[in-house]
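A.B. asks: Below is the structure I would like to discuss, written out as C-alpha cells.
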C-alpha cells in the first residue's frame with residue numbers, strides 16, 4: 001500500500017508551513033543576535049506586515065529553480081541559481097559560497113573551502129521547501145537538503161541541521177508525536193555530530209523534568225558559541241521551544257526567548273508547527289499582524305517571487321504533484337500499517353553523507369562529471385597531485401574513455417585510481433587560477449566539463465569570523481551588489 005495524502009489536507013499544511021515561517025521569522029527578527037534571555041509573550045514591536053527574511057527568500061530562489069529545471073535538481077543547478085539570484089548576500093557562509101563560485105570552484109568543495117561558517121544557520125533555515133516537495137518521505141527530503149547545504153555548509157553542522165529539519169518536517173505531514181519526529185530526524189544525520197548531541201540534550205532535559213530556564217542555560221553553557229548564528233545551540237533552542245511550549249504562540253516565544261539567532265529559530269519552529277497543525281493550529285492573533293504578503297529582502301535577486309502565501313502554497317503544491325516518488329495525492333489521506341518503518345528508512349540520506357566533499361560536480365546536458373581533488377582544490381609548484389574523475393548519465397558506460405587536459409607546461413600522467421579514472425598532475429609554476437578540462441567518451445555519448453584548481457597565490461586562507469568585502473552603498477557583495485542592477 002502506498003502512502004496517499006489528501007490534497008486539501010496537504011495544501012492546508014503547506015499553507016501553514018509558509019505562514020508559520022513568516023510569523024516566527026517576524027517575531028524573532030528584531031531580537032536577532034542578542035545572546036541573552038528575552039521575555040516575549042507576543043510580537044515586540046507588533047508588525048503590520050511580515051519582515052523580509054533570507055530564511056524564506058533563498059527558498060524562493062529554489063522554488064524558481066525547481067519550476068524551471070524540474071523537481072529533481074542536481075548540484076550544478078543549485079550553483080547556477082545561487083550565482084544568478086543569491087550572489088548579493090555577503091554575510092558569513094553566503095559570502096564565502098559566492099566567493100568560491102566566483103573563483104571557479106563548484107559544489108560541494110565550494111561549500112567548505114576557506115569557509116569558517118559551515119556550522120551556522122544559513123542552510124538549516126532552508127529546509128521547508130524540501131519537506132513540502134517530498135512530504136512523508138523524510139530521507140528524500142534529507143537527500144535534497146544535503147545538496148542544498150553543500151553550497152555553503154558542506155561537511156559542517158549546518159548541513160546536518162538542514163537534513164534534520166527537512167526530515168522532521170517531511171514526516172510531520174503524517175505524524176505528530178514530537179519524540180517520534182525527532183527520532184526520524186536524528187536517523188538522517190551522523191549520530192555523533194554536535195547537532196545530534198544538542199538535540200538529545202534538549203530532549204533529555206524535557207523528559208527529566210528540567211525547567212525551561214535551566215534547559216536553556218544548559219544548552220547555552222555546554223553548546224554555546226561566540227557566534228550567535230552558530231547552528232548547534234540554536235537547534236537546541238528550537239527544540240526546547242517545541243517541547244516546552246504549551247501552544248503555538250508559547251512554543252515560538254520560548255524558542256525566541258532563548259536568544260541567539262532568534263529569527264531563524266522562530267521561523268523554523270513556526271514552519272514545523274504550521275505543518276503539524278495546519279491553518280487551524282495558527283491563532284488569528286498571530287497570523288493577523290503579518291497578513292498574507294511575502295516581503296523580499298533587498299539583496300535577493302530579480303526572481304519571480306510569489307506575492308502572497310497563497311501563491312507560494314499553490315506553486316509548492318504544483319511542484320510536489322510533479323515530483324513523483326513514493327507518495328501519491330488523492331481525495332483523502334491513507335497511511336499503511338508499516339508507516340513508522342518507512343519513515344525511519346535512511347539509506348538515501350546515509351548515501352548522501354558518504355559523498356566526497358573534496359570534489360566538484362559539473363553538468364554537460366544530462367551528464368554529471370565530478371572531479372575529485374583528493375584534498376584542497378590547490379596545486380603546489382613541483383608537487384605531484386593525483387586527481388580522479390567519476391561520471392553518470394545516459395549513454396555512458398563504466399568503461400568510457402576519460403581524459404584530463406591541463407594548461408600548457410603541465411605534466412599529466414594516467415595512474416591507477418581503482419574504480420575511478422585517475423591522473424597525476426605536476427606543474428613547476430601554477431597560476432592563481434588553473435583550468436582543467438575533463439572529457440568522457442563512450443561509443444554513443446560524449447561529454448566534457450571545465451574545472452578550476454587554484455595555485456597557492458589564490459589560496460592564502462581567510463581569517464576566522466571575518467566576512468568578505470561588501471559594497472558600502474547597498475551592503476551587497478562587491479561585484480554582484482544591488483547597485484549594479486539599477
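Quick note: the coordinates plus some simple rules give every number you see, no bench work behind them. Worth saying up front: this structure is predicted, and the values here are computed from it rather than measured. A quick note on method: Cβ atoms are made from the backbone with ideal geometry, for glycine too, and the neighbour counts reach across all protein chains shown.
A.B. asks: Label points 7 Å out from Cα along the Cβ direction at residue 279 and residue 222: separation in nm?
C.D. replies: Each label point is offset 7 Å from its Cα along the Cβ direction, giving 4.2 nm.
A.B. asks: Which whole-number percent is the relative contact order of the chain (Cα, under 8 Å, 6+ apart)?
C.D. replies: Dividing the mean separation by the residue count of the chain yields 24 percent.
A.B. asks: How much length, in nm to one decimal, is gained on full extension between residue 304 and residue 38, taken as 0.36 nm per residue of separation minus their Cα-Cα distance?
C.D. replies: 92.1 nm
A.B. asks: Can you give the convex hull volume of the alpha carbon atoms of segment 71-148 per residue, in Å³?
C.D. replies: 90
A.B. asks: Given the convex hull over the Cα atoms of segment 198-286, what projected area results after averaging over all orientations, in nm²?
C.D. replies: 5.3
A.B. asks: Separate question: Quick one: order 152, 187 by neighbouring beta-carbon count within 10 Å, fewest to most.
C.D. replies: Lowest to highest Cβ neighbour count: 187, 152.
A.B. asks: Take the Cα coordinates of segment 273-328, assign each an equal point scatterer, and use the Debye formula without solvent to give log10 I(q)/I(0) at q = 0.15, 0.17 Å⁻¹.
C.D. replies: With no solvent term, the Cα-only Debye profile gives -0.64, -0.78.
A.B. asks: Once fully extended, how much extra length lies between residue 338 and residue 250, figured as 0.36 nm per residue of separation less the alpha-carbon to alpha-carbon distance?
C.D. replies: 28.3 nm
A.B. asks: Hey, another quick one. How tilted is helix 178-187 with respect to the longest principal axis of the chain? Cα atoms for both, answer in degrees (0 to 90, nearest 10).
C.D. replies: Tilt of helix 178-187: around 10 degrees.
A.B. asks: Quick check on packing: order 254-267, 92-105, 225-238 by the mean number of other C-beta atoms within 10 Å, highest mean leading.
C.D. replies: The densest-packed peptide leads the list: 254-267, 225-238, 92-105.
A.B. asks: Give, to the nearest whole percent, the P(r) tail of segment 39-170 beyond 26 angstrom, counting all Cα pairs.
C.D. replies: Everything past 26 Å amounts to 21 percent.
A.B. asks: With a ≥ b ≥ c taken as the square roots of the eigenvalues of the C-alpha gyration tensor of segment 14-108, please select rounded if a/c is under 1.5 and otherwise prolate if a/b is larger than b/c or oblate if it is not?
C.D. replies: Cα axes put segment 14-108 in the oblate bin.
A.B. asks: Convex hull over the Cα atoms of segment 164-314, averaged projected area in nm²?
C.D. replies: About 10.1 nm², averaged over all directions.
A.B. asks: Across segment 3-353, how large is the tail of the calculated P(r) beyond 27 Å, expressed as a percent of all Cα pairs?
C.D. replies: Percent of Cα pairs beyond 27 Å in segment 3-353: 38.
A.B. asks: Hey, what angle do you get for helix 75-85 against the long axis of the chain, alpha-carbon based, 0 to 90 degrees rounded to 10?
C.D. replies: 70
A.B. asks: If you bin every alpha carbon distance in segment 359-458 into 5 Å steps from zero, what whole percent lands in each bin?
C.D. replies: Histogram of Cα-Cα distances, whole percents per bin: 3, 14, 25, 25, 17, 10, 5, 2, 0.
A.B. asks: For helix 309-323, what angle does its Cα long axis make with the longest principal axis of the chain, in degrees from 0 to 90 and rounded to 10?
C.D. replies: 50
A.B. asks: Which percent, nearest 5, of DSSP beta bridges in the chain are antiparallel?
C.D. replies: In the chain, DSSP labels about 90 percent of beta bridges as antiparallel.
A.B. asks: At a 10 Å Cβ-Cβ cut-off, how would you order 353, 299, 339, fewest neighbours first?
C.D. replies: Fewest to most other Cβ atoms nearby, the residues stand as 339, 353, 299.
A.B. asks: Starting from the coordinates of the alpha-carbon atoms of segment 410-486, obtain the Kirkwood hydrodynamic radius over all distinct pairs and give the value in Å to one decimal.
C.D. replies: 16.7
A.B. asks: For residue 293 and residue 328, FRET efficiency with R0 = 41 Å and r from the beta-carbon atoms, rounded to 0.05?
C.D. replies: Efficiency for this residue pair is about 0.80.
A.B. asks: What number, in percent, do you get for the relative contact order of segment 64-196 if the mean sequence gap of Cα pairs under 8 Å and at least 6 apart is divided by its residue count?
C.D. replies: Result for segment 64-196 is 22 percent.
A.B. asks: Still on this model: Peptides 12-23, 120-131, 431-442: what's the order by average Cβ count within 10 Å, highest mean first?
C.D. replies: Going by the mean number of other Cβ atoms within 10 Å, highest first, we get 120-131, 12-23, 431-442.
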